[in-house]
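For reference, the structure discussed in these notes is given below.
The values are calculated or read from the model by the stated rules, or taken from the named source; none is laboratory data. Please read all numbers here as calculations on a predicted model, not as lab measurements. Quick reminder, even Gly has a Cβ in these numbers, built from the backbone with ideal geometry, and neighbours come from all protein chains shown.
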Amino acid sequence: SDYYTIKGVAQAFRIDIPGLDKPLIGEYDLIVQDGRDACIVDWKTSASRWPAGKADRDLQATVFSYAYEKQNGTTPLFRFDVITKTKNPGCESHYTSRGFHDFRRFEVLANRAQYAINKGVFLPNETSFACSECPYRDRCGQWHLKRWR
């Protein structure tokens, strides 16, 4: 069906993750009621169609589903609505879902990331789409010089 009950738009969330010093903060683009299930919808644009299985491997779906489950006590569906910016633009929906083991894996991953940050591990990602707009861009470009000063 193309008709859903809208539960929230641009809805912020803040949750604690076991073992972390800081909360996880984010924002759901859209939450709808999809039949009996809540469904988080994230809007994306892409230069090409998504390959099969991309939604099933995406960490954002895991993180947002985890946050929703922590807040509401129920695991949601997750859907990426992807608008392709091609010669013949289109919109595709990619459903995925996460569960207990995905959530435990995310908790361990988040704790490992915090551990690395606390130890001073820094790996710049200069090919990221966000690099040119990042507020740490200047510091990032000079991080390697700290060791030699």
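Condition check ((1) among the polar types (S, T, N, Q); (2) touching a residue at least 40 places away in the same chain (Cβ under 8 Å); (3) surrounded by fewer than 10 Cβ atoms within 10 Å (Cβ to Cβ); (4) within 30 Å of Cys39 (Cβ to Cβ)) across all residues:
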residue: Ser97; (1), (2), (3), (4): yes, no, no, yes
residue: Phe106; (1), (2), (3), (4): no, yes, no, yes
residue: Ala113; (1), (2), (3), (4): no, no, no, yes
residue: Ile117; (1), (2), (3), (4): no, no, no, no
residue: Ser132; (1), (2), (3), (4): yes, no, yes, no
residue: Tyr136; (1), (2), (3), (4): no, no, no, no
residue: His144; (1), (2), (3), (4): no, no, no, no
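Residues of the range 24-73 that are more than 10 Å from the chain's Cα centre (by Cα), aliphatic (A, V, I, L, M), over 11 Å from Phe13 (Cβ atoms) and part of a helix (DSSP H, G or I): Ala55 alone.
Here Leu77 clears all of (1) within 17 Å of Phe100 (Cα to Cα); (2) surrounded by fewer than 12 Cβ atoms within 10 Å (Cβ to Cβ); (3) of a type in the set (A, V, I, L, M, F, W, C) except the condition numbered (2).
Of the set (1) free of Cβ contacts under 8 Å to residues at least 24 places away in the same chain; (2) touching a strand residue (DSSP E or B) at 6+ places or on another chain (Cβ under 7 Å), all apply to Gly53 but (2). Count of the range 1-23 residues, restricted to those that are assigned to a strand (DSSP E or B), without any contact (Cβ under 8 Å) to a residue 40 or more places away in the chain and either in contact with a Gly (Cβ under 6 Å, 6 or more places away or on another chain) or among the charged types (D, E, K, R) (or both), is 2. Restricting attention to the range 122-149, which residues are more than 22 Å from the chain's Cα centre (by Cα) and either in a loop (DSSP other than H, G, I, E, B) or modelled with pLDDT of 80 or more (or both)? If the condition is that a residue be more than 22 Å from the chain's Cα centre (by Cα) and either in a loop (DSSP other than H, G, I, E, B) or modelled with pLDDT of 80 or more (or both), then Asp138, Arg139, Cys140, Gly141, Gln142, Leu145, Arg149 are the ones that fit. Screening the candidates Ala12, Ala55, Ala67 for the property of being at pLDDT 95 or above and touching a helix residue (DSSP H, G or I) at 6+ places or on another chain (Cβ under 8 Å) yields one hit, Ala55. Filtering the range 104-118 for residues that are assigned to a loop (DSSP other than H, G, I, E, B) and either of a type outside the set (A, V, I, L, M) or closer than 22 Å to Pro23 by Cα (or both) leaves an empty set.
For the range 28-52, the tally of residues that are surrounded by 12 or more Cβ atoms within 10 Å (Cβ to Cβ), within 18 Å of Glu69 (Cβ to Cβ) and either touching a helix residue (DSSP H, G or I) at 6+ places or on another chain (Cβ under 9 Å) or at pLDDT below 95 (or both) stands at 8.
Among the residues examined, Glu92 does not qualify as of a type outside the set (A, V, I, L, M), part of a helix (DSSP H, G or I) and surrounded by 10 or more Cβ atoms within 10 Å (Cβ to Cβ).
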